[in-house]
Every structure is written in C-alpha cells, then in structure tokens.
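The values are calculated or read from the model by the stated rules, or taken from the named source; none is laboratory data. Nothing here was measured: the structure is a model prediction, and the numbers come from that model. Here Cβ is always computed from backbone atoms with ideal geometry, including for glycine, and neighbour counts include all displayed protein chains.
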Amino acid sequence: MKRVLKIGGMILLVAVLMTPTGLRASELTPLVNRADSEFSSGNVIGAADALRQALVVVYNRSKLKVDKAVLVKGKPAGFGMIQPRGSNKFRANETIILYVEPVGYHFAKRGNSYNFGLTADFAVTDAKGNILGGKKGFGNWEMNTKGRPLFDFYMSLTYNFTGIKPGKYFVLTTLIDKHGGGNVTIKTPFEIVP
C-alpha cells in the first residue's frame, strides 16, 4: 500500500511539474511527505487529508478545465453516475442534458470552510459558427464545504431549445471560475432531426 501512495504522489508531482502555471514541487513536497508519513503510521485519514491539501494547491495554481463533458439520457444520480446518451440527435423541443466534470477551479478558504464557485454562459451556433442565441449567467453554482474541500463535483446542464429548425448545431457552454481560475468553453455538437 505504501508503494501505491508513493506512486500516486509521484504522478501528482509529475503532472504538476508539467503545467505551465509555474507550480514548483517544493509547494507539494511537504504535503506528499506528510501523507506518506501519516500512511506509514497507519493514519489513513491523515494521509488522505494531506493529499487533499496537495490537490487544493494544484487546483489553486491551475486554470479551470473540463475533465468530462457527456450528453446523457437523464439527470445524473451523482458524480460519475450517468447513462451516456450515445447520440447527439434530438427531436425538436427535446431536452438536452450535458453532464460536466470541471477541474482546476480555485478554492477560497475561510476558517474551516472551502468555497468555490462557477457561473455559466451559453451560445447556440449553426454549423458555420453563426451565433443564433444564448444567455449570459444561465447557471450559478456556489459550493461551501466544512472541513474538507470538494473535488468530486459535477454539473448537470439542461438545455431546451424551442422552435429550432432541423439541422446541425453547436452549444458553446462557457464556465467561469468566480475565484480567478479563468474560464473554459465546451463545444458540444447536436443535431435536430424531424
């Protein structure tokens, strides 16, 4: 088990060293060493806490990204608990649900609480890229957790495009980090069929 923890820490360090944000291993080394020490002494909870703190450092020094964006059949039951739709073809007025797992959002620590927040804009374009409509601020998420930061976060984005003609389109969903992690745009193709 100790070897697995060390390998996980090494992967974390390698991934961080490869980022263009200038994160130095020295910022993570004490946390990874603490995790190793806690684990070696049988304190799994302490080891996990140190690794979570290392992930907070990684997230706060990264830019917002999307790990997964999938069209799904219905509302997700929870993180990763989805049924991929398998097709991007929809009938007119059919609800479109996009499951999204963002990563790299920034945390604000207040006492024993961890806070992060995202907003979302969207635009619909035709196949040539002409913007047909959209909305700024169509989604707003503010998460506040006590004691431990939240990393297994997902978004279920629901779109209802009424009156749209048959054809091929894109929905461009832009997620914005409220605490300085930048933004990222998800380009999702979909087709309205007769």
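Return the pairs, sorted by first residue and then second, in which the second residue is assigned to a strand (DSSP E or B) and surrounded by 12 or more Cβ atoms within 10 Å (Cβ to Cβ), the first residue lies in the stretch 142-156 and is not assigned by TED's automatic domain parsing to the domain that holds residue 100, the beta carbons are less than 8 Å apart, and the residues are 6+ apart or on different chains.
Filtered contacts from the stretch 142-156: no entries.
What is the number of the single condition among (1) at negative phi; (2) in the same structural domain as residue 167 (by TED's automatic domain parsing); (3) buried (at least 16 other Cβ atoms within 10 Å of the Cβ); (4) touching a residue at least 24 places away in the same chain (Cβ under 8 Å) that residue 112 does not meet?
Of everything listed in (1) at negative phi; (2) in the same structural domain as residue 167 (by TED's automatic domain parsing); (3) buried (at least 16 other Cβ atoms within 10 Å of the Cβ); (4) touching a residue at least 24 places away in the same chain (Cβ under 8 Å), residue 112 misses just condition (3).
Enumerate the strands (runs of 3 or more DSSP E) found wholly within the stretch 75-117, keeping only those where 1 or more residues are of a type in the set (Ser, Thr, Tyr).
96-103
So if I check each of 23, 5, which one is modelled with pLDDT under 95, buried (at least 16 other Cβ atoms within 10 Å of the Cβ) and part of a loop (DSSP other than H, G, I, E, B)?
Among 23, 5, only 23 is modelled with pLDDT under 95, buried (at least 16 other Cβ atoms within 10 Å of the Cβ) and part of a loop (DSSP other than H, G, I, E, B).
Just to be sure I understand, how many residues within the stretch 134-191 are outside any strand (DSSP E or B) and over 16 Å from residue 99 (Cβ atoms)?
Total satisfying the criteria: 17.
Can you find even one residue in the stretch 146-157 that is exposed (fewer than 15 other Cβ atoms within 10 Å of the Cβ), within 18 Å of residue 189 (Cβ to Cβ) and hydroxyl-bearing (Ser, Thr, Tyr)?
Among the residues of the stretch 146-157, not one is exposed (fewer than 15 other Cβ atoms within 10 Å of the Cβ), within 18 Å of residue 189 (Cβ to Cβ) and hydroxyl-bearing (Ser, Thr, Tyr), which makes the answer no.
Given the criteria at pLDDT 95 or above and basic (Lys, Arg), does residue 61 qualify?
no
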